[in-house]
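Just below is one structure, and these are the notes that go with it.
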Amino acid sequence: MDATVVAIADDHDDSDCRRPLLAQNEEIHLYTEPPNRQHPPLDAAATQLEEQRKPERVASLDVFRGFTVAMMILVDDAGGAWPGINHAPWFGVTVADFVMPAFLFIIGVSAALVFKKMANKTAATKKAAIRASKLFILGVILQGGYIHGRHKLTYGVDLDHIRWLGVLQRIAIGYFVAAMSEIWLVNNNLVDSPVPFVNKYFIEWFMAIAITVLYVALVFGLYVANWEFEIQTSNSTLSIPSNSIETKMIQCGVRGSLGPPCNAVGLVDRVLLGENHLYKNPVYKRTKECSINSPDYGPLPPNAPDWCLAPFDPEGLLSTLMAVVTCFVGLFFGHVLIHCKNHSQRMLIWLLASVVLTISAYLVLLLGMPFSKPLYTVNYMLLTGGVSGFLLLLLYYIVDVIHIKKPFVLFQWMGMNALIVYVLAACELFPTLIQGFYWRSPENNLVDVTESLLQAIFQSKRWGTLVFVLLEIVFWCLAAGFLHMKGVYLKL
C-alpha cells in the first residue's frame, strides 16, 4: 500500500501502482481496486458489468476538505476586518474555531479508508512516520518564524526563538497517532453486525477515552506556580534609542485554572518547549483585559495585566492531546463509511453520533468547563466533532446520495489539491512572493493595490477586504481545478 494522508488528508488507494506526483486524485474506494490496473479486452456486456461494479469515489470528502481550506483562508485573511468571524479571544466559539478541528476530523476519516487493508504493518508504519515527519518539518519552515508573511519582505529566524509547534505540526501528530492506532490496534475480524464492529475498534475507543482522561487530569491536577517571562522594551534617552530586557512576574499558585495566565496548558509548554519557542501573538491579546478594541487586537488598556504580553502557543503539547481525539472521532465516521453498505445506515449512524457529541458538549459546559480553542477543552472537542459530523452528513447526502455536484465543484477541486492550496494561500507563501515585485515602494504591489482598489470601489475597508478574500478563494479553487485537469497533485 502506498497511501498518502498529508495536511488536509489525502485519498485512499491500496495499490502500489501510482503515477508520478499522484496522491490526492486517486479514487477513495470502499471496495479497493487499483485505479491504474490494465484490464484485458472484454466484450460489451462484460465491459458494462465491470463499469457497474466499479466502486465510486466519495466526492463529499473532497468537498469537505476543500470547504475547510476555503474557510481557513476566509477567517485568516478577513478576520481582522470582521472580528465576528475571527477566533474567540479565549472562551467561546466562532466560525473560525470550527476550522482546525474540521481538518483533524477529515484526516481521521481518510486514515480509516487508507489503512483498512495492509499487507505489511511494518512498512505501513514506516510510510506513516515518514509522511508525518515531512509534514511536521514543513510546518516548522512555514510557521516557525522563518517566513515573515505579507507586508514584510524579509525572511529568516533565530533558532533560539523558532516556534516548534503550529497548525501543520498538530495535523502531523494527529495523523501519526491515528495511523498507528489503525495499523496496530485494529484486528482483522470480519464485521457483519454491530457487535463485531465494536469488538474490532474497541481498543481505539478506549485509547481515545484514556487520552481524554489524561488531559483532564493534567489540566485540573497540575500545580501552576508563579512564573516569569522576559520582554524587550524600547527606551529613548536624549533621542538615542536603546533596547532593554524587562522581566515580568505572573502571580498564580493555583490548580485547575482555565484563564489565560495560570492554566496547565501554558505551563507544560513553558517547561517542555521553553518560553522563547512559543507563539508571541496569542489570541488572548484580543480580550477586554488586553485590548481596548476587543474582540480585535488593539493598544493595551490602562492597568492591563502583565500576562497580556506573555507568549502562549495555541497548538501546544497538552492541547494537542484533545486534537488527537478529534482524529479518533473522524476514524469512527470513516469506519462507518467502510462497513455500512448503504446510504441510509451510514447517515443514520452519523446523525446519531453527531447528536450525541453535540449534546455531550453542552452537558460538559453545564458542569463548568467552558469552550476554549486555545486550551482545546473537552467540550470544545465534542462540539466541533459533532458539527464536523453534521457537515459531512449534509455534504454526503447532497453530493453522493442525490448527486448534486456541480455547485460544489470548486470546493471539490480545492479538496483534491488541498495541501498545495494551504501552503501557498493559507500560509501566505504565494502573496508574499507576489509582493516581492513592486513599483518604487513596497506598498505598490499587485496584492495590496488590488485590495486597496476594492476597498475604494466599495467605499469600505471591511467590505472591500471581504470581496478581495472571496476572489482569492475563487482564484485558488480555479487554480486547483487547473492542476486537477493537468493531473498534478502535491504529495508528501
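Would you work out which of 145, 316, 360 lies farthest towards the positive end of the dipole of the chain? Charges go on Cβ: Lys and Arg +1, Asp and Glu -1.
Of the listed residues, the answer is 360.
Hey, of [x] 23.9, 93; [y] 27.2, 103; [z] 23.1, 71, which did the structure itself give for Rg and Dmax of the Cα atoms in Å when calculated?
Recomputing Rg and Dmax of the Cα atoms in Å here picks out [x].
For segment 388-492, what % of the accessible area comes from carbon and sulfur atoms, probe 1.4 Å? Don't skip to the end; give the middle numbers.
Values: 4060 of 5670 Å².
Roughly 72 percent, rounded to a whole number.
With a 1.4 Å probe and every protein chain kept in, tell me what percent of the accessible surface of segment 103-185 is carbon plus sulfur.
Values: 2270 of 3440 Å².
The computed percentage sits at 66.
So, with +1 on the Cβ of K and R and -1 on the Cβ of D and E, and no other charges, what is the size of the charge dipole of segment 223-309 about its Cα centre, to the nearest 20 debye? Please report the intermediate quantities before stating the final value.
Values: 7 positive and 8 negative charges, 41 e Å.
The dipole magnitude comes to about 200 debye.
With every protein chain in place, what's the accessible area of residue 449 (1.4 Å probe, Å², nearest 10)?
Residue 449 exposes around 80 Å² with every protein chain in place.
Nearest 500 deg cm²/dmol is fine: what mean residue ellipticity at 222 nm does the chain get from its DSSP H runs of n ≥ 4 alone, each adding -39,500 (n - 2.57), divided by its residue count?
Values: 15 runs with 246 residues, N = 492.
So the calculated ellipticity at 222 nm is -16500 deg cm²/dmol.
Can you give the accessible area per residue of the chain, in Å², using a 1.4 Å probe?
For the chain, the solvent-accessible area averages 47 Å² per residue.
Mind listing which chymotrypsin sites (Phe, Trp or Tyr not before Pro) in segment 86-184 are in a DSSP loop and have 16 or fewer other Cβ atoms within 10 Å?
146
Rank 77, 306, 97 by accessible area, highest first, at a 1.4 Å probe radius? Let's see the in-between values first.
On the way: 77 35, 306 60, 97 0 Å².
Listed by decreasing accessible area, they come as 306, 77, 97.
Rounded to whole Å, give me the distance from the Cα center of segment 255-278 to that of segment 352-379.
22
I need the chymotrypsin sites (Phe, Trp or Tyr not before Pro) found in segment 282-389, filtered to DSSP loop residues with at most 12 other beta carbons within 10 Å of theirs.
Passing both the DSSP loop test and the Cβ count: no residue.
With all protein chains present, how much of the accessible area of segment 223-309 (probe radius 1.4 Å) comes from carbon and sulfur, to the nearest whole percent? Before the final figure, lay out each step's value.
On the way: 2550 of 4930 Å².
Solvent-exposed carbon and sulfur of segment 223-309 make up 52 percent of the total.
Quick one: putting +1 on the C-beta of Lys and Arg, -1 on the C-beta of Asp and Glu, what dipole do you get for the chain around its Cα centre, in Debye to the nearest 20? Show your work: numbers first, answer last.
Numbers: 36 positive and 38 negative charges, 68 e Å.
Computed charge dipole of the chain: roughly 320 debye.
Putting +1 on Lys and Arg Cβ atoms and -1 on Asp and Glu Cβ atoms, find which of 277, 120, 421 reaches farthest to the positive end of the dipole of the chain.
Projecting each Cα onto the dipole axis, the largest value belongs to 120.
Taking loop as defined by DSSP and a crowding limit of 14 other beta carbons within 10 Å, which chymotrypsin sites (Phe, Trp or Tyr not before Pro) in segment 415-452 fit?
Numbers: sites: 422, 437, 438, 439; in loops: 437.
Sites meeting the loop and neighbour criteria: 437.
Setting aside same-chain residues fewer than 8 positions from residue 285, which lysines have a Cα under 28 Å from its Cα?
Within the straight-line limit of under 28 Å, residue 285 reaches these lysines: 152, 248, 373, 461.
The values are calculated or read from the model by the stated rules, or taken from the named source; none is laboratory data. Note that this is a predicted model, so its numbers are computed, not measured. Please note: Cβ atoms are built from the backbone with ideal geometry, for glycine as well, and neighbour counts cover all protein chains shown. Heads up: the accessible areas ignore ligands, DNA and RNA and are worked out on the full protein's heavy atoms, side chains in. Shrake-Rupley method; radii C 1.70, N 1.55, O 1.52, S 1.80 Å.
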